[in-house]
């Protein structure tokens with residue numbers, strides 16, 4: 001059995017110091033922004049930083065401009081991520097290497113279980129999904145149609161107070177705040193710009209249901225302002241998109257079992 005060392009730090013000061021003085025050949029992480037957050041680059045220049053992919057979203061619009069700047073190697077699980085790293089290299093004058101792989105992480109985080117709910121509501125953060133109390137309108141419509149649901153907010157939406165969490169609890173919405181998400185118990189997914197739309201499509205071989213909202217764009221760099229994201233390109237192909245005022249149509253779609261042949265689209269998107 002391989003030996004492992006575990007370290008626990010009580011303060012960020014010692015944690016940052018640890019990252020500065022770490023002396024290893026390869027540093028693997030699935031956290032972007034090395035050098036721009038608490039995870040600093042080592043003073044020892046021989047350390048190679050390798051980013052392991054944990055999402056199928058594009059690597060430009062959904063992240064800030066420095067997210068991958070300090071990585072030596074970035075893992076890409078679809079053809080669009082590869083294109084994005086090439087664009088980042090070109091625009092930021094970097095030489096980030098790419099290694100391609102399948103969506104192997106999905107096998108580790110999602111467990112195949114029996115279906116328990118009709119719908120998972122899981123929007124991403126930094127969009128206008130919650131404007132005009134849309135969440136409550138959607139949930140009320142589902143309840144009236146005897147459609148079981150679970151609402152799972154993005155942690156950043158909670159942190160940035162994009163909605164009133166106390167009000168949601170007062171109204172007894174079926175809420176999932178667990179640290180681990182499992183897509184298998186759900187027959188349908190309702191989201192907006194979250195990368196789990198592609199994970200759901202990949203795992204369940206079914207079109208996710210999308211609410212049309214403002215696109216999440218965390219990259220404010222002028223050199224990337226005209227970039228069309230992978231999500232924007234592929235959503236019309238792998239999802240069914242509804243405007244906020246089309247909840248009735250969305251409910252009707254949920255009631256009718258849908259099947260699709262996804263092999264061609266899988267090959268078009270993923271490695």
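The values are calculated or read from the model by the stated rules, or taken from the named source; none is laboratory data. The shown structure was predicted, so the numbers you read here are calculated from the model rather than taken from an experiment. Cβ atoms come from the backbone with ideal geometry, glycine included; neighbour counts cover every protein chain shown.
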*Which residues, taken from the stretch 162-174, are in contact with a strand residue (DSSP E or B) (Cβ under 9 Å, 6 or more places away or on another chain) and surrounded by 12 or more Cβ atoms within 10 Å (Cβ to Cβ)?*
165, 168, 173, 174
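When you scan the stretch 234-248, do you find a residue that is in a helix (DSSP H, G or I), under 22 Å from residue 112 (Cβ atoms) and touching a helix residue (DSSP H, G or I) at 6+ places or on another chain (Cβ under 8 Å), even just one?
There is at least one residue in the stretch 234-248 that is in a helix (DSSP H, G or I), under 22 Å from residue 112 (Cβ atoms) and touching a helix residue (DSSP H, G or I) at 6+ places or on another chain (Cβ under 8 Å).
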*Hey, can you tell me all the residues within the stretch 175-186 that are crowded, with 17+ Cβ neighbours inside 10 Å and either outside any loop (DSSP other than H, G, I, E, B) or not assigned by TED's automatic domain parsing to the domain that holds residue 123 (or both)?*
186
*Determine if the stretch 199-206 includes at least one residue that is touching a residue at least 24 places away in the same chain (Cβ under 8 Å), part of a loop (DSSP other than H, G, I, E, B) and surrounded by fewer than 22 Cβ atoms within 10 Å (Cβ to Cβ).*
yes
*Which of the residues spanning the stretch 234-271 are closer than 30 Å to residue 92 by Cβ and loosely packed, with under 11 Cβ neighbours inside 10 Å?*
236
*Evaluation of residue 238 against (1) farther than 18 Å from residue 55 by Cα; (2) free of Cβ contacts under 8 Å to residues at least 60 places away in the same chain (one fails), failing number*: (1)
*Name the single residue, out of those in the stretch 219-233 being part of a helix (DSSP H, G or I) and loosely packed, with under 13 Cβ neighbours inside 10 Å, that is modelled with the lowest pLDDT.*
222
*Determine the pairs where a residue that is under 18 Å from residue 210 (Cβ atoms), located within the stretch 106-130, has a partner that is assigned to a helix (DSSP H, G or I) and at pLDDT 95 or above with Cβ atoms under 8 Å apart, the partner being 6 or more residues away or on another chain.*
118/142; 119/142; 121/135; 121/138; 121/139; 129/135
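Anything in the stretch 18-29 that is part of a loop (DSSP other than H, G, I, E, B), loosely packed, with under 13 Cβ neighbours inside 10 Å and out of contact with any strand residue (DSSP E or B) (no Cβ under 7 Å at 6 or more places or on another chain)? List them, or say none. Don't jump to the end; show me each part of the working.
Looking only at the stretch 18-29, we keep the residues that are part of a loop (DSSP other than H, G, I, E, B), and these are 22-25.
Still in the running and loosely packed, with under 13 Cβ neighbours inside 10 Å: 23-25.
Result: 23, 24.
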